[in-house]
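**Q** Please read through the structure below; I'll follow up with questions.
The values are calculated or read from the model by the stated rules, or taken from the named source; none is laboratory data. None of these values were measured; they are calculated from a predicted model. A quick note on method: Cβ atoms are made from the backbone with ideal geometry, for glycine too, and the neighbour counts reach across all protein chains shown. The protein model used for the area step is the full one, side chains on, heavy atoms only, and it has no ligands, DNA or RNA in it. Shrake-Rupley method; radii C 1.70, N 1.55, O 1.52, S 1.80 Å.
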Amino acid sequence: MNRKLCSYILIGLLSGISLSTFGQNLDSVKRKRPNIIFIFSDDHAYQAISAYGSTLAQTPNIDRIANEGVILKNQLVTNSICGPSRATLLTGKYSHKNGFKANENSFNLDQTLFTKELQKTGYHTAWIGKWHLGTLPKEALDYFKILPGQGHYYNPDFIHNNGDTVRHEGYVTDIITSFAKDFIAQQETGKPFFLVVGHKATHREWMPDIRDLGAFDSVNFPVPETFYDDYEGREAAKDQDMTIDKTMVLKYDLKVGQPFKGRYTARQQKALSDYYGGISKEFADKKLKGKELIEWKYQRYLKDYLSTAKSLDRNIGELLDYLDESGLAENTVVIYASDQGFYLGEHGWFDKRFIYEESLKTPFMLRYPGVVKPGSELQNLVLNIDWAPTVLDLAGTDIPDDVQGNSFLPLLLNNQDSVQWRDAGYYHYYEFPQPHRVHPHFGIRTERYKLIRFYGELNNWELFDLQQDPNEIANVVDDRGYSSILKTLKNRLRDLILKYEDKDAEDILRAADEI
Ligand code: CA
């Protein structure tokens, strides 16, 4: 019997046992010092993952991590864009504390980073793939092989540890997986490692591997309920520049009439030109207008996005298989997360940024054989400031005092009701006006409500009752029926602003006499 089958049977047996039967307390777990692999994708929406109930596509390998571990159903980010999410992962802090508020910022490595804390306790630390923090990791990591900036899907360059930039032939998701396996194979027995596998997928412009071209061509995706949202009562939503209709670019995003010249091999160039040449001809022949045109763009967007995600899922399966085959699976924590959520046509949008549900919530799942009960679900509001302290806790490394998040390991080991945990999450987004004209805002999300304060060119509030209005289309901030809830939420928002020492938000509310 092979090792993989053995581990399936073992996990199957364990899954029938209640969580307490694992007999693990926090101290005994901390002493184990497992390897930790943090698979970190980019813009991968939970709406595209079958473990989260997606009907758009199947993601059997990502689902495997959830099925053999825990899935977080309310994992929120604190600033929904790429670079800031990575800076928060590294620091366990909000953007206003780690200094990386917007993608054009440069990250200051000379601050408390959880990777440096792991190094102090003997972990070998590495980051492979998308980094997107400007400054090279240098002493923050023992090893890196990272994409410059956003990187390329085909034949990407990588910056190696020695500072050299080297082009590697192939498809980016395959190459990152192969580098990750090489790194793992080189590790010394008995010395734990921490590795980020940072995928470029599924970031814009959603360029599939040639083997996945056409994978969803037979599917006609239903448009989301809010696809034709008129944004009534929501000024910022009305003023954004991120619609499939107006912002999505036919040539760049949907590859209509794209020549595929430059960095492609002859084989890649032919496959891409043949496939998208056919799409371009279809587009020219149909002479679409109005709703037909918008919906054609939506169909093409989802087909490219999900085809790109198909390779991501396959590569995660390859990495999980490698851990099984190399005998490392039992003593390795595997985490899967995206840097934030993403719109797949909801409100007519692509991209992220807003505190609204699709970009506020991000997928997160974690497998730790023998410690985390297979098939577990966590409903608690977990923030991405909690990721760094949780990893430190898993590694048995002390959590620095200035980290703003909390380890959620106790939630995984105990009866969830017996652990004190937050019942509201705080959020603050900054990047404006480029590239998508999403007005800066901060806000609070509780289990049932969301209160948002837009500022800068706009100065207004939005309040949503998620129980009555899960799609967030009815701003009830002026509804008298909600006046006492509004008052409570404003007080709670103020308390969080003070707790997290967000001076900018505090000043905005003070200037408007709202605090
Ligand atoms: Ca991202």
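**Q** For segment 407-424, what does the Karplus curve 6.51 cos²θ - 1.76 cosθ + 1.60, with θ = phi - 60°, yield as ³J(HN,Hα) per residue in whole Hz, taken in order and with x for Gly and Pro?
**A** So the Karplus estimates, Gly and Pro as x, are 5, 9, 4, x, 5, 7, 9, 10, 4, 4, 5, 8, 9, 6, 9, 5, 10, 7 Hz.
**Q** Taking each pair of different alpha-carbon atoms in segment 272-400 once, compute 1/r for the pair, average those values, and report the inverse of that mean as the Kirkwood hydrodynamic radius in Å to one decimal. Can you show the working numbers first?
**A** Working: mean 1/r = 0.0540 Å⁻¹.
The answer is 18.5 Å.
**Q** Starting from the residue with the highest accessible area, list Arg494, Arg300 in decreasing order, probe 1.4 Å.
**A** Numbers: Arg494 75, Arg300 10 Å².
Highest to lowest solvent-accessible surface, that is Arg494, Arg300.
**Q** Quick one: plug the Kirkwood hydrodynamic radius of the chain (C-alpha pairs) into Stokes-Einstein at 4 °C, 1.567 mPa s, and report D in µm²/s. Kindly include the intermediate steps, with their values, before the conclusion.
**A** Details: Rh = 23.7 Å.
It diffuses with D of about 55 µm²/s by this estimate.
**Q** How big is D, in µm² s⁻¹, for segment 426-511 by Stokes-Einstein at 10 °C and 1.306 mPa s if Rh is the Kirkwood radius over C-alpha pairs? Walk me through the numbers before you get to the answer.
**A** Details: Rh = 13.5 Å.
Here the translational diffusion coefficient equals 118 µm²/s.
**Q** When all protein chains stay in place, what accessible area (Å², nearest 10, 1.4 Å probe) is found for Met242?
**A** About 0 Å², rounded to the nearest 10.
**Q** Can you sort Leu466, Leu394 by solvent-accessible area, 1.4 Å probe, largest first?
**A** On the way: Leu466 20, Leu394 0 Å².
So, going from the largest accessible area down, we get Leu466, Leu394.
**Q** Show me, for segment 485-500, the HN-Hα J-couplings you get by feeding each phi into the Karplus relation (A = 6.51, B = -1.76, C = 1.60, θ = phi - 60°), rounded to Hz, glycine and proline as x.
**A** So the Karplus estimates, Gly and Pro as x, are 4, 4, 4, 4, 5, 4, 5, 5, 4, 4, 4, 5, 4, 6, 4, 8 Hz.
**Q** Give the dimensionless ratio obtained when the Cα radius of gyration of segment 221-341 is divided by 2.2 N^0.38 Å.
**A** Numbers: Rg = 19.6 Å, N = 121, 2.2 N^0.38 = 13.6 Å.
Cα Rg divided by the expected 2.2 N^0.38 Å: 1.44.
**Q** Assuming R0 = 41 Å, can you tell me the calculated FRET efficiency for the pair Asn471 and Asp164, based on Cβ-Cβ distance, to the nearest 0.05? Intermediate results must be reported in sequence, preceding the final value.
**A** Details: r = 49 Å, r/R0 = 1.20.
About 0.25, to the nearest 0.05.
**Q** Now a separate question. May I have the pair-distance distribution P(r) for segment 168-287, computed from all Cα-Cα distances with 5 Å bins from 0 and rounded to whole percent?
**A** 2, 8, 12, 16, 15, 12, 11, 10, 7, 4, 2, 1, 0
**Q** Sticking with this structure for a sec: Rounded to whole Hz and in sequence order, give me ³J(HN,Hα) for segment 298-309 from the Karplus expression 6.51 cos²θ - 1.76 cosθ + 1.60, θ = phi - 60°, writing x for Gly and Pro.
**A** 4, 4, 5, 4, 5, 5, 5, 4, 6, 5, 5, 5
**Q** Here's another thing I want to ask about it. Accessible area, 1.4 Å probe, largest first: how do His160, His439 sort? Numbers along the way, then the final one.
**A** Details: His160 35, His439 0 Å².
The ordering from most to least exposed comes out as His160, His439.
**Q** Hey, any idea what % of segment 379-515's accessible area is carbon plus sulfur with a 1.4 Å probe?
**A** Values: 2600 of 6100 Å².
Carbon and sulfur together cover 43 percent of it.
**Q** Over the Cα atoms of segment 305-373, what radius of gyration and what Dmax do you get, in Å?
**A** For segment 305-373, the Cα radius of gyration and maximum Cα-Cα distance read 15.6, 46 Å.
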